[in-house]
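A.B. asks: Following this message is one structure expressed as structure tokens.
The values are calculated or read from the model by the stated rules, or taken from the named source; none is laboratory data. Values in this document were obtained by computation on a predicted structure and should not be read as measured data. Cβ: placed from backbone, ideal geometry, glycine included. Neighbour counts: every protein chain shown.
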Amino acid sequence: MKAKIVALLFFVSGFLSLTAAPDASGTKNFSHAINLNPIGIAFGSYGGNYELLLAQTHGLVFEGAYANINYSSGSNESRSKGWGLSFNYRWHWSNAMESGFLGVFARYSSAVGTGTVTATSGSVSTKSNFDVDMKTTTFGLNIGKRWVWDSGINVVVRIGYGYAILSMTANTNDPNVNNFLSDIKPILQALAGFDAELSIGYAF
């Protein structure tokens with residue numbers, strides 16, 4: 001029993017020493033970081049990510065988000081809720097968690113919602129309600145920087161863009177609805193290509 005406890009203590013101490021081990025200069029080499037995006041909350045988006053840094057150069061980032069999406073154009077509007085998952089690879093050019101980085105990303109998101117389209121012909125207005133299912137897959141490149149304090153508190157800024165594949169399926173064949181979705185699809189597809197981050201978190 002004592003041998004098992006000693007082995008467990010050696011394992012835990014070894015793991016902790018690897019996660020934030022000081023180099024020859026005394027600077028901590030952080031290998032993990034967990035970040036949240038506080039600004040996104042103001043826009044109805046809740047997201048965060050975790051980065052594992054290998055050999056102080058290769059970052060593997062797993063990211064998730066939940067969002068409320070609202071769009072309006074004149075008397076037409078739509079509302080939806082959705083989620084997204086993404087995987088990023090980052091090359092840290094300063095060989096540390098605190099570094100600028102170049103990255104590639106793959107993201108998948110899914111959203112469902114409702115909308116209303118108002119069509120006017122002369123003095124007659126017709127409202128059409130609909131449900132829509134949206135799925136998006138995006139592949140792209142990004143660039144950014146992470147600043148890390150000795151306490152582990154860190155801030156990340158990232159920007160990127162990619163190629164987005166967007167599908168939209170409505171529960172109706174109403175031509176007014178289909179025309180509305182056709183109008184907003186290029187806008188939503190262009191927006192889906194953007195990749196951005198302004199987050200704060202803890203590195204260890």
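A.B. asks: Restricting attention to segment 42-58, and to residues there that are polar (S, T, N, Q) and in a strand (DSSP E or B), which single residue is farthest from GLY103 (Cα to Cα)?
C.D. replies: SER45
A.B. asks: Let me ask something else. Given (1) within 30 Å of ALA33 (Cα to Cα); (2) assigned to a strand (DSSP E or B), identify the lone condition not met by THR120.
C.D. replies: Result: THR120 fails condition (1) only.
A.B. asks: Before we move on, is LYS81 modelled with pLDDT under 95 and charged (D, E, K, R)? Can you show your working first?
C.D. replies: On the way: modelled with pLDDT under 95: yes; charged (D, E, K, R): yes.
So LYS81 passes the test.
A.B. asks: Scan the strands (runs of 3 or more DSSP E) fully inside segment 123-203 and keep the ones with 2 or more residues being more than 16 Å from the chain's Cα centre (by Cα) and free of Cβ contacts under 8 Å to residues at least 12 places away in the same chain. Spell out how you get there, then give the answer.
C.D. replies: Details: elements: 124-148, 153-170, 194-203.
By residue number, 124-148.
A.B. asks: Taking segment 141-161, which residues are under 30 Å from ARG79 (Cα atoms) and surrounded by fewer than 19 Cβ atoms within 10 Å (Cβ to Cβ)?
C.D. replies: Within segment 141-161, LEU141, VAL157, ILE159, TYR161 qualify.
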